[in-house]
Amino acid sequence: MLFPTVEFAIFFLVTLAGAWVLASRLSWHKHFLLLASYVFYGCWNWTYVPLLFGISLFAGLVAQRIQRSQDPRVRKRWLIGGVVICLSALVYYKYTGFLLQNMLDAWAWFGRPPQLAFEGPLLPLGISFFVFHAISLLGDVYRGKLKQAVTLPDALLYVAFFPQLIAGPILRASDFMPQLAVPRDPQAVHVNRGLLLIITGLFKKVIISNQLAVNLVDPAFAAPQSLSGPDMLLAVYGYAVQIYCDFSGYTDIAIGVALLFGYRFPANFDRPYIATDPQDFWRRWHISLSSWLRDYLYIPLGGSRGGSWFTARNLMITMLLGGLWHGASWTFVIWGALHGSYLIAHRLWAAIPAIERLRDTTAWRWVARVLLFHAVCAAWIFFRAPSLDLVGDVFARFAVAGPVTLASAGSVVLIVLGIAGQYAPPRWHEALDRELARWAAPVRGAALAASLFVIELLGPSGVAPFIYFQF
Amino acid sequence: MSTMHPSSTDSIRNLGWLLASCVVVGVLLESGGLATWANRLEIGPLRQVAQPAMTRLDDTLHPLGIGQWRTRLLAGLERWQHTGTAPAPAASLPSTTQAPVLADSATVWQTIGMSRTGQALAITANPPSPTRPQATPATSTPVAKVILPTNLPSAATLEALPPIPSGQTRTVALVGDSMMAVGLSENLLRGIARHKELQAVRAFRSGTGLSRPEVFDWMQQYPQMLAGARPDAIIVAIGANDGQGFVQDGKVLDFGSDAWIAAYRQRLEQFVDMLSQNGTPIIWIGLPPMRLAKYDARMALINRIAYDTVGHRKNITWWNSATLIADPQGQYREYAQNAKGASIRLRAGDGIHLSDDGASLLAPPLLAWLDSPAPAATPPTTSVVASATPVTMTASP
């Protein structure tokens, strides 16, 4: 049940009505949302609903154990045991085939490996996200960030709440579970903001992302050998915009939907292509994942509380694992390694005192912005290409002279829109919100319907899956 | 936009009025799209309820003229996109052509084609003016018992087409659903790009098939996908979405029933008649074994029907992809080891589609068939002689 479908619209309206009717009876409200979330997940494949239920139940039970114990050693044992089991489920479903494949390849270095017939398990949708939610619950309880007592229904709903279930944003238990403790206020719903986010997200996904995929990126990456350098470069820019609009569009819709239910989700994107350095980029791109990796991996590894090499090691480990989180493939590992090396290089560069004045100039910030954008684009090639061979083909095309043949006006406009839109001041959104607040509700409803109609007209045929669903 | 900043609040009553107004205006604007959506739903209870309701709604609102206005708007947008300022993708790839598919109906409202494992297929198609059959379960008209072949051919090599005369080109149409779109088309397009004498027409669309013309009508869309190109050879990989019941003449035909097989066979005949105009040589790629047993059995039946229907035509070679993709017993396998001992993953994570490495096993023989040998891929160490499990078909009740 993808967001931009009639099925989801019906599901959403029914669930929204039910949730608000039950809002004053908190327990019923939460049980209703939990049931709706399992229906939402089950629409893809009921087979994995028990897995989702099992992991969240397990995390809830372990969290309760950690909360009950006063002994730090016992608490730590429960934490480690819980995290290991949650990660084991993720590793089993996501990396079994990849690990076996690479073990056999490593074996081949020393001799002929055995002829094994093996299959990796089918990947449950959203497992990378709901396992990280489960771990966040354990981590926040262990660190004492979650003050309230964990109840099992709350733990189940925190992991399974449908707007974030498939592709995030990754909620922190300490941010979301306190919201479950009190009834939602039916007099203070962020309606305008929620609907603006939904419309913005649909526009990004249906029009920008889908159109670029169909008309530019997919044909170019299917057969880069037939393209000239300028064409290939345009396709890579196109992919940079496509993946931003696809994923940030999804999270805009998820955040907007949650707001209409009365829940606040954290921001997941903050205009990432205006970043001027890699650290800045990761404060703006997939914020819920990068902050998760920072808090639950980078800092426990020691963070920057050591020498340069120690920090560089931790950065690289964090980004390598962050890359691997996206998929069981060496292309994702290399993508992570590239970003790790960008972060390390930037730290070394930033430590040079002689260029401090240069770095503060506007001109340099623009140079840095352009350089960083291209470095990010280079890494996206590894992210997009199905194999390292194809990565080589794409890079090889940059050196081939030839005419620009892929540059349709529509594609160029969408790329410019996707990048320039990130320079729109946030106050514009606030002004629009205030303006909408003056309109009568039925007029806003009509405007919403008209907006949906226009988006439908301008989008390509059908609904493409969100890129991050595969992770 | 995701950054939180101060925002106004409303009461839930206001939200209710807002959404009610949105639904009313949305239905007025989109009644045609909703009717199309309902018509394309999978055969089942939801469609049984939604299809007549949405059709009646659309018929009721038809006199307002919004539907016609909407259709004209869509047609205008299509014209602007493909013949106006923006060049069509056909012009974008030097050695490939891809024609636009004209749309005149719902776009966003169409559900994505999803595999049963939760992995999404690529973009689904947008069909032209849908028919609106009022489905009733098929209960009468006995259909003759169907006997299908049990053994399918297993030759791995293909007899090459005649050499391309010097200075001329050969245009090959890549036709099919996601079994062509995912992995295979990319491998073939890469191979074709290495040969100046070959040109490709991208005539594939994920989420399509022959069983649901109301979702995507290949008979109408294929000529538009060719955009005037005249293929000298055709490679087809289709059928992965056809393991489902459909409505014909107002009756629901259950998948695998004799009536279903007869109707599907007829659609195949019409499809290959259209492809075969001018006697164009065709390779029809059989579906590979699938991971989930129930789905695999359905695809095996599709293979047997397709082979029985198209395999004996002079211009068509039914080619068993299992020969290169399956294990020695003809069963699904996810990984294989090539001659160098390296493990390669043959299938996508959904257990249905081909991975890039898997598709790279099929591409060289197909390119060789086009008389343009590709750089040799490393074949797996095992090959297979496949035969489908015999299935006795019974007449539908």
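The values are calculated or read from the model by the stated rules, or taken from the named source; none is laboratory data. Given the structure is predicted, the values throughout are model-derived calculations rather than measurements. Cβ atoms come from the backbone with ideal geometry, glycine included; neighbour counts cover every protein chain shown.
Tabulated values for the structure
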| read-out | value |
| --- | --- |
| Which listed residue is outside the structural domain of A:PHE383 (by TED's automatic domain parsing) and buried (at least 23 other Cβ atoms within 10 Å of the Cβ), from A:PHE247, A:PHE161, A:PHE221 | A:PHE161 |
| Looking only at region A:250-264, and only at residues there that are aromatic (Phe, Trp, Tyr) and within 20 Å of the chain's Cα centre (by Cα), the one that is surrounded by the most Cβ atoms within 10 Å (Cβ to Cβ) | A:TYR250 |
| Sole residue being assigned to a loop (DSSP other than H, G, I, E, B) and at pLDDT below 95, chosen from A:VAL206, A:VAL214, A:VAL182 | A:VAL182 |
| Scan of region B:285-304 for residues that are among the small types (Gly, Ala, Ser) and crowded, with 20+ Cβ neighbours inside 10 Å, ordered by number | B:GLY286, B:ALA300 |
| Lone unmet requirement of (1) surrounded by fewer than 17 Cβ atoms within 10 Å (Cβ to Cβ); (2) within 20 Å of A:ASN210 (Cα to Cα) for A:LEU414 | (1) |
| Subset of region B:309-331 [within 22 Å of B:PRO364 (Cβ to Cβ), of a type in the set (Ser, Thr, Tyr) and out of contact with any strand residue (DSSP E or B) (no Cβ under 7 Å at 6 or more places or on another chain)] | B:THR323 |
| So A:ARG369, is it within 14 Å of another protein chain (Cβ to nearest Cβ) and out of contact with any Lys or Arg (no Cβ under 8 Å at 6 or more places or on another chain) | no |
| Residue check for B:ARG291: of a type in the set (Lys, Arg) and closer than 26 Å to B:LEU158 by Cβ | no |
| So A:GLY120, is it within 30 Å of A:MET1 (Cα to Cα), small (Gly, Ala, Ser) and in contact with a Gly (Cβ under 6 Å, 6 or more places away or on another chain) | yes |
| Residue that is closer than 23 Å to B:LEU189 by Cβ and within 8 Å of chain B (Cβ to nearest Cβ), where the choices are A:SER226, A:SER209, A:SER248 | A:SER226 |
| Conditions (1) assigned to a loop (DSSP other than H, G, I, E, B); (2) crowded, with 20+ Cβ neighbours inside 10 Å: number failed by A:ILE55 | (1) |
| Region B:1-13 - residue that is surrounded by fewer than 19 Cβ atoms within 10 Å (Cβ to Cβ) and modelled with pLDDT of 85 or more and, of those, farthest from the other protein chains (Cβ to nearest Cβ) | B:ARG13 |
| Those residues of region A:8-42 which are within 11 Å of chain B (Cβ to nearest Cβ) and buried (at least 16 other Cβ atoms within 10 Å of the Cβ), in sequence order | A:PHE8, A:ALA9, A:PHE12, A:LEU16, A:ALA19, A:TRP20, A:ALA23, A:TYR41 |
| Complete set of residues in region A:251-267 that are touching a Pro at 6+ places or on another chain (Cβ under 9 Å) and over 15 Å from A:LYS30 (Cα atoms) | A:THR251, A:ILE253, A:ALA254, A:ILE255, A:GLY256, A:VAL257, A:PHE265, A:PRO266, A:ALA267 |
| Residue ranges of helices (runs of 4 or more DSSP H) in region A:296-405 with at least 2 members modelled with pLDDT of 90 or more | A:308-326, A:330-350, A:362-384, A:388-397 |
| Qualifying residue in region A:171-189 (condition: at the interface with chain B (Cβ under 8 Å from one of its Cβ atoms) and among the hydrophobic types (A, V, I, L, M, F, W, C)) | yes |
| Meets criteria (crowded, with 17+ Cβ neighbours inside 10 Å, within 27 Å of the chain's Cα centre (by Cα), modelled with pLDDT under 85 and within 11 Å of another protein chain (Cβ to nearest Cβ)) for B:LEU74 | yes |
| Those residues of region A:108-151 which are modelled with pLDDT of 90 or more, of a type in the set (A, V, I, L, M, F, W, C) and exposed (fewer than 14 other Cβ atoms within 10 Å of the Cβ), in sequence order | A:ALA149 |
| Close pairs from region A:434-450: first farther than 14 Å from A:GLY194 by Cβ and facing chain B (nearest Cβ under 7 Å), partner among the hydroxyl-bearing types (Ser, Thr, Tyr) and in a helix (DSSP H, G or I), Cβ under 9 Å, at least 6 apart | A:PRO442/B:SER21; A:ALA446/B:SER21; A:ALA449/B:SER21 |
| Hits in region A:99-129 (condition: closer than 30 Å to A:SER288 by Cβ and touching a Ser or Thr at 6+ places or on another chain (Cβ under 7 Å)) | A:GLY120, A:PRO121, A:LEU122 |
| Residue ID - surrounded by the fewest Cβ atoms within 10 Å (Cβ to Cβ), chosen from residues in region A:224-244 that are farther than 20 Å from A:ALA420 by Cβ and touching a helix residue (DSSP H, G or I) at 6+ places or on another chain (Cβ under 8 Å) | A:GLY229 |
| Positions within region A:17-49 being farther than 22 Å from A:ALA181 by Cβ and under 26 Å from the mean Cα position of the chain (by Cα), in sequence order | A:VAL39, A:PHE40, A:TYR41, A:GLY42, A:CYS43, A:TRP44, A:ASN45, A:TRP46, A:THR47, A:TYR48, A:VAL49 |
| Members of region A:118-156 that are more than 13 Å from chain B (Cβ to nearest Cβ) and farther than 22 Å from A:TRP78 by Cβ | A:PHE129 |
| Given (1) farther than 24 Å from A:MET177 by Cα; (2) not in a helix (DSSP H, G or I), number of the condition A:ARG264 does not satisfy | (1) |
| Restricting region A:1-16 to residues that are aromatic (Phe, Trp, Tyr) and under 22 Å from the mean Cα position of the chain (by Cα), the residue that is modelled with the highest pLDDT | A:PHE12 |
| Of all residues making up region A:101-117, the number that are at the interface with chain B (Cβ under 7 Å from one of its Cβ atoms) and either within 22 Å of A:PRO169 (Cβ to Cβ) or not basic (Lys, Arg) (or both) | 7 |
